[in-house]
Structure formats: C-alpha cells, structure tokens
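Chemist: Mind having a look at this structure? Questions to follow.
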C-alpha cells in the first residue's frame with residue numbers, strides 16, 4: 001500500500017482505518033464475556049508463544065537499538081502473562097457489580113475505538129498490553145507506534161490477526177497506523193478515535209491531551225530509591241542491580257538516582273561494586289556527561305545501551321581517559337555509578353537517563369534522604385514512584401504521606417515491581433499514571449477499567465438522611481452554632 005504525506009491522504013487513510021475499526025467494534029459489542037475472554041487469550045498467545053516472543057524481541061532490538069533481547073523476551077512473557085492473570089476472572093461485559101444496600105447496579109460498556117500511542121522502548125510489550133486491555137472492554141484498537149518500533153508492532157499485529165483467524169474474529173478489531181508514522185497522521189488518528197492512551201515521551205502525552213479526544217497519558221519517569229541505615233544491604237544491592245540492569249534501564253520505573261544514608265554508604269557502594277557496578281571518578285563523570293548530553297539533550301548513543309557499550313563509547317569520546325574507559329569496559333560492568341550532590345538542569349545526572357547509569361547521593365539521615373528525593377522530583381519525575389529499602393514500616397508510610405508519588409515500592413526490584421509482579425498486589429501494566437503531580441488524570445497502573453464506560457442503574461432504597469446533630473455535632477461542640 002502506498003502512503004502519501006499529503007494532508008488529505010493522511011486524513012483519508014485514518015478515516016478508513018477508523019471506519020473499519022467501528023464496523024469491527026459493532027460486532028464485538030454483541031460478544032458475551034466468554035467470547036471476549038477468548039479474544040483476550042488469542043491476543044495474549046500471539047505474543048507469549050515462545051518462538052513468536054523471541055522473534056518480536058529480536059526485531060525490537062535490531063530496529064530500535066534499545067535494550068537487550070533476553071530481557072525483552074522476559075518482559076513480553078511476564079507482563080503479558082501477568083496481565084492475563086489479572087483479567088482472568090474480571091467482568092467487563094454486562095453487569096459487573098451489584099450493591100443491593102445502595103441500590104446500584106454497574107454495567108460495563110465499551111469506549112469504542114482506542115488510539116494506542118506506544119514507545120520505541122517497549123515496541124512489543126506495550127502494544128500487546130494496550131491491545132489486550134482494549135479487547136477486554138469490547139473495544140477496537142488502532143496502534144500508533146514510534147517510527148522505530150513500527151516493524152515490531154506490525155509483526156505483533158500479524159500474529160494477533162493469525163490468532164483471530166483461528167477463532168473467527170474480525171481482524172479490524174486490531175489495526176496499525178500505516179508507515180511512515182508521523183506527527184500529522186498520529187494527530188489525525190487521535191482526533192478520530194474515542195479514547196487515546198499515550199505512553200512514551202511527554203511530547204506525545206501533551207499531544208494526546210491537546211487532541212480534543214479523552215486521553216490517558218503517563219508522567220515522566222525519574223525514579224529515586226532510598227537505602228536507609230536499617231536496610232538489608234546485600235538484598236538492597238541485589239534489587240537495585242536487578243532493576244537498573246533490566247533491559248538496559250529503558251523502563252520508566254528503573255532507578256535513576258540512589259539516595260544512601262551516610263551510615264551505610266560504604267557498605268552499599270561495596271555491595272554494588274561486588275555485583276558489577278563501577279563508581280566513576282570526577283573526571284570520568286564530566287567526560288561521560290559530555291557524551292550523554294552533548295547539546296543538553298540525552299543522546300541516543302547511550303539510551304538503552306549496556307554499561308560496557310557506554311564505556312566503550314566513552315573511550316572513543318574521551319581521548320585523555322581512553323585507557324581507563326577501556327579498562328572499565330573490559331570488566332563488563334553492569335552499571336556505571338556517578339557521585340552526585342546537586343539537582344536541576346545544570347546537573348543532568350539528577351534527571352532521567354534511560355541507561356544503566358546511576359546517580360548516587362549521600363544523605364545525612366532518613367529525613368535528609370526524603371528531602372533530597374523531594375528536590376529531585378521538584379526537578380523531574382514527580383508523581384511516578386519511589387523505592388525504599390528499610391526495616392522500618394513507618395518510613396514507607398511517611399513517604400506515602402509526604403512525597404509526590406503514586407507508588408512506594410518497598411524492598412523490591414523497582415522496575416520489576418512497579419508495573420505489577422507476581423509477588424505484589426499492583427496490577428500488571430506498562431503505563432504508570434502519575435496523578436496531578438505528573439500532570440496526569442489518574443494515578444493508577446493503567447488497567448482494563450480505564451478502557452470501559454460504566455453505566456449505573458440506581459433504584460430507590462430506604463431513606464438514609466442523617467440528623468443535623470450527626471453532621472454538625474462535633475463542629476458545634478468545638479466552635480458553637482453561631
């Protein structure tokens with residue numbers, strides 16, 4: 001199929017996609033829960049089947065240059081399988097809840113046609129997650145991937161269509177914005193659909209909010225983790241390394257800063273180094289900064305690359321320190337650590353790095369650690385989440401009450417845990433709402449309920465009107481009835 005960049009052609013192409021999606025959605029609208037769950041299983045099996053999973057992971061890394069194949073295989077499987085577990089008993093067709101005491105019946109209704117904006121960092125797992133959630137609500141979905149992730153999304157949707165053919169479901173329930181994907185065609189799609197779900201850059205999220213179509217978008221990632229003086233240091237080091245190295249730290253939930261209480265700083269650094277982390281000196285820190293942010297913007301030279309690859313690129317970039325960088329690269333480091341003390345645009349290590357590079361801050365005590373994280377989030381990352389390694393439960397509660405975060409992840413590998421895990425209770429998701437702190441309309445892990453309209457039937461119940469004393473009694477007793 002030929003695709004012109006002319007405005008009329010782009011609009012016509014999008015119009016045709018949406019018309020086909022609406023026709024398919026009208027068919028799905030008549031499906032019962034059993035048939036919808038069959039659709040969900042078909043879409044899930046399209047990516048989970050091992051040979052297809054590996055093909056998608058290899059294609060994603062080859063086309064985007066971001067992350068690593070084995071972790072993408074694990075992510076495609078684990079995130080999709082976890083989502084299928086969450087959806088297995090969930091009701092999304094017809095009556096989904098009844099509250100006889102309040103006389104309320106809730107009925108699930110589709111939102112219609114969903115526009116799914118997806119990033120290059122997860123070109124297989126994120127589209128699959130959004131497609132499955134949309135299908136669960138009897139919706140049609142059209143994926144608008146990043147240009148680099150288009151071929152992976154296209155292959156995924158080919159796999160889904162093959163599964164739909166097996167069960168006799170309309171292919172047009174899941175479609176793809178044709179290549180070349182650009183801002184114009186994506187904007188046309190957003191305006192034409194009934195709901196936009198946007199994951200990726202903040203520019204994409206802002207465009208979704210400005211489209212005139214109801215939209216869910218995610219906030220910026222820039223996760224910080226705290227290790228306090230009561231933490232199990234070996235366990236904390238294991239968790240941080242597992243999180244920071246997964247898929248070369250491309251996840252928005254990967255730690256970008258680690259704030260360590262001074263009393264355990266030496267132990268913590270030693271434990272991280274024992275596990276393959278390398279602490280850079282000040283000269284190396286400056287040289288790496290010039291590689292990572294050559295013109296004030298994070299460079300694709302480091303995004304989603306391994307620590308060893310970054311060290312090799314730093315050796316080419318830093319003639320004076322070349323031998324030292326090559327020595328670091330030869331050690332095959334798992335992460336590169338830089339000492340940091342300041343926050344803000346003049347200190348780019350305090351922001352998101354999308355690579356296995358970790359800023360390490362030293363705090364006097366827990367109060368100081370919480371204050372440092374607050375300053376980091378005042379700069380970037382407000383609303384997302386914070387990690388905590390501590391033996392004191394009240395400290396997690398304090399962070400939850402005081403920090404601008406939607407999640408406090410305690411004693412876990414942060415990027416594994418934040419989007420749901422089999423050993424915590426969060427919903428499996430690759431889209432993290434960050435609340436009003438992150439300029440989002442929601443603070444949940446995005447899940448199937450966000451893809452539903454819910455109609456409520458209200459019936460009369462015995463009147464439950466309180467007395468004036470019940471409402472104002474305590475106020476009057478304290479302040480009088482003037």
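Chemist: Can you find a residue that is at pLDDT below 95, surrounded by fewer than 22 Cβ atoms within 10 Å (Cβ to Cβ) and closer than 30 Å to residue 240 by Cβ anywhere in region 429-440?
Modeler: yes
Chemist: A follow-up question, please. Could you please let me know if residue 396 is surrounded by fewer than 18 Cβ atoms within 10 Å (Cβ to Cβ) and either under 17 Å from the mean Cα position of the chain (by Cα) or under 19 Å from residue 243 (Cβ atoms) (or both)?
Modeler: yes
Chemist: Then there's this: Could you please give the count of residues in region 394-418 that are touching a helix residue (DSSP H, G or I) at 6+ places or on another chain (Cβ under 7 Å) and under 29 Å from residue 141 (Cα atoms)?
Modeler: 2
Chemist: Tell me whether region 468-482 contains one or more residues that are in a loop (DSSP other than H, G, I, E, B), out of contact with any strand residue (DSSP E or B) (no Cβ under 8 Å at 6 or more places or on another chain) and surrounded by 11 or more Cβ atoms within 10 Å (Cβ to Cβ).
Modeler: Among the residues of region 468-482, not one is in a loop (DSSP other than H, G, I, E, B), out of contact with any strand residue (DSSP E or B) (no Cβ under 8 Å at 6 or more places or on another chain) and surrounded by 11 or more Cβ atoms within 10 Å (Cβ to Cβ), which makes the answer no.
Chemist: Would you mind stating whether residue 62 is over 26 Å from residue 35 (Cα atoms), out of contact with any helix residue (DSSP H, G or I) (no Cβ under 7 Å at 6 or more places or on another chain) and part of a loop (DSSP other than H, G, I, E, B)?
Modeler: Answer is no for this residue.
Chemist: Also, quick follow-up: From the list 399, 452, which residue is touching a strand residue (DSSP E or B) at 6+ places or on another chain (Cβ under 9 Å) and outside the structural domain of residue 276 (by TED's automatic domain parsing)?
Modeler: 452
Chemist: Follow-up. Going by the conditions given, is residue 318 modelled with pLDDT under 95 and over 20 Å from residue 66 (Cα atoms)?
Modeler: Considered against the rule, which asks whether it is modelled with pLDDT under 95 and over 20 Å from residue 66 (Cα atoms), residue 318 comes out as yes.
Chemist: Mind checking whether some residue in region 301-313 is over 30 Å from the mean Cα position of the chain (by Cα), surrounded by 16 or more Cβ atoms within 10 Å (Cβ to Cβ) and farther than 18 Å from residue 256 by Cα?
Modeler: no
Chemist: Hey, another quick one. Taking the condition of being part of a helix (DSSP H, G or I) and more than 23 Å from residue 109 (Cα to Cα), how many residues in region 183-201 meet it?
Modeler: Number satisfying all stated conditions: 6.
Chemist: On to the next question. Only one of these conditions is not met by residue 267: (1) more than 27 Å from the chain's Cα centre (by Cα); (2) more than 18 Å from residue 369 (Cα to Cα); (3) surrounded by 14 or more Cβ atoms within 10 Å (Cβ to Cβ). Which number is it?
Modeler: Looking at each condition in turn, residue 267 falls short on (2).
Chemist: Something else now. When the residues of region 208-238 are filtered to those that are closer than 13 Å to residue 439 by Cβ and touching a strand residue (DSSP E or B) at 6+ places or on another chain (Cβ under 8 Å), which remaining residue is surrounded by the most Cβ atoms within 10 Å (Cβ to Cβ)?
Modeler: Going through the qualifying residues, I end up with 218.
Chemist: Conditions first: (1) in contact with a strand residue (DSSP E or B) (Cβ under 7 Å, 6 or more places away or on another chain); (2) surrounded by fewer than 21 Cβ atoms within 10 Å (Cβ to Cβ). Residue 406 passes all but one, so which condition is the exception?
Modeler: Just one mismatch for residue 406, condition (2).
Chemist: Select from region 33-52 the residues that are buried (at least 24 other Cβ atoms within 10 Å of the Cβ) and either closer than 18 Å to residue 419 by Cβ or without any contact (Cβ under 8 Å) to a residue 24 or more places away in the chain (or both) and list them in ascending order.
Modeler: 47
Chemist: Restricting attention to region 314-347, report how many residues are surrounded by fewer than 17 Cβ atoms within 10 Å (Cβ to Cβ) and either out of contact with any strand residue (DSSP E or B) (no Cβ under 7 Å at 6 or more places or on another chain) or over 16 Å from residue 226 (Cα atoms) (or both).
Modeler: Of the residues in that region, 15 qualify.
Chemist: Considering every residue within region 315-332, establish whether at least one is in contact with a helix residue (DSSP H, G or I) (Cβ under 9 Å, 6 or more places away or on another chain), touching a residue at least 40 places away in the same chain (Cβ under 8 Å), in the same structural domain as residue 263 (by TED's automatic domain parsing) and part of a loop (DSSP other than H, G, I, E, B).
Modeler: yes
The values are calculated or read from the model by the stated rules, or taken from the named source; none is laboratory data. Since the structure is predicted, the reported quantities are computational estimates derived from the model, not experimental observations. Cβ coordinates were reconstructed from backbone atoms using ideal geometry, including for glycine residues, and neighbour counts include every protein chain displayed.
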